[in-house]
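Some notes on the structure that comes next.
The values are calculated or read from the model by the stated rules, or taken from the named source; none is laboratory data. The shown structure was predicted, so the numbers you read here are calculated from the model rather than taken from an experiment. In this analysis, Cβ positions are derived from the backbone assuming ideal geometry, glycine residues included, and neighbour counts consider all displayed protein chains.
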Amino acid sequence: MKTFLQLVCLLLLAAPLHAGQTLVLGTADRPPLSTEDQKGFSDQVIREACRRLGIEVQIIPVSSARSLSNAEQAIDDGNFLRVQGMEKKFPHLIRVPEAIIDVQFVIFSKRKGLKTPNWASLKPYHVGYIKGWYIAEENIKDVRQLTVVENRTSLFKVLDSDRIELAFAELYGAYYTIHTLGLKELFSAQPPLASKEMFLYLNKKHEKLAPRLAATLREMKRDGSYDAIFKQTLAPYLPAKLAK
C-alpha cells in the first residue's frame with residue numbers, strides 16, 4: 001500500500017500543467033519588480049503571459065536560496081528572476097528562453113555626470129553594496145574603503161548621509177528606493193557596470209510549458225502590452241531619459 005501511494009505521488013508531481021490550473025512561483029525579488037499584491041513589473045508580465053495560456057499564477061515571496069530550492073524540489077513550480085545558467089547548478093530547472101527583463105547594475109553617487117567605464121574606475125572611492133550580492137563581491141575589490149549593508153534602504157541612507165561615496169545597486173530597485181525615501185540629488189553613473197538578462201525558471205515537470213511561455217512573452221513585446229506594463233510599474237520611478 002505504501003509503495004502504491006508513493007507511486008501516485010510521483011505521478012502527480014510529474015503531471016504537466018493544463019489550462020485552468022495554477023502555477024506556483026517563488027521569488028526573492030522586491031518592489032518594483034515584485035510586490036506583495038503581485039502588481040510589480042515581473043509579476044504582471046508573468047501573470048499576463050500565463051493568462052494568455054489559460055493558466056493562473058500564485059506568487060510567493062521567499063528568500064533567494066529557498067526560492068531556488070523549492071523550485072528544484074518541485075515544492076513550487078518555478079522561480080524568478082534569475083540569470084541564464086542556473087540549470088547548471090539546479091538540474092531540475094528549465095529556463096523559459098525569453099528574458100523577462102534586462103537588469104542593469106550601476107553606481108549611484110551625489111556627483112552628476114560621474115563616469116564608471118569599468119570596475120577598476122571604483123578604486124579611488126569609498127563604495128557600498130548589499131550583503132550577499134555575488135556580482136559585487138566578485139568585482140568590487142581593492143577600493144579605497146568598502147562598506148557592506150543589509151538592504152537597499154540602508155545603502156541609500158548611508159550614501160545620502162555621506163558615509164559612503166558610491167553605492168552599487170540594481171537600477172530599478174535603486175530608483176524605487178530613492179523615490180520611496182524621498183531622497184534628492186542622487187544620480188546613476190554611466191555606463192552600467194553590468195547588464196544581465198533575467199529569466200523565469202520552471203521545474204522540469206513543466207518542460208513543455210517553457211517554449212510556449214517564451215513565445216507568449218515575445219508576443220507581448222510585439223503587441224505593446226509589455227511596454228504598457230513597464231510604463232505603469234517602472235517608468236514612474238525613473239528619470240525621464242530612462243523611462244522610455
The range 132-224: helices (runs of 4 or more DSSP H) wholly inside it with 2 or more residues that are touching a helix residue (DSSP H, G or I) at 6+ places or on another chain (Cβ under 9 Å) and under 30 Å from Val24 (Cβ atoms) are 152-160, 171-181, 209-223
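With of a type in the set (Val, Ile, Thr), in contact with a Pro (Cβ under 9 Å, 6 or more places away or on another chain) and touching a residue at least 60 places away in the same chain (Cβ under 8 Å) as the only criterion, which of Val106, Val45 stands out? Walk me through how you get there before you give the answer.
Values: Val45 fails: in contact with a Pro (Cβ under 9 Å, 6 or more places away or on another chain).
When all the criteria are applied, what remains is Val106.
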In a strand (DSSP E or B) and either at pLDDT below 95 or among the β-branched types (Val, Ile, Thr) (or both), is that true of Ile94? yes
Go through (1) surrounded by 13 or more Cβ atoms within 10 Å (Cβ to Cβ); (2) more than 26 Å from Phe108 (Cα to Cα) and name the single condition Asp223 misses. (1)
Test: Lys131 is farther than 24 Å from Gly40 by Cα and of a type in the set (D, E, K, R): no
For the range 69-96, which positions are closer than 15 Å to Leu23 by Cα, of a type outside the set (D, E, K, R) and under 18 Å from the mean Cα position of the chain (by Cα)? Asn70, Ala71, Gly78, Asn79, Phe80, Leu93, Ile94, Val96
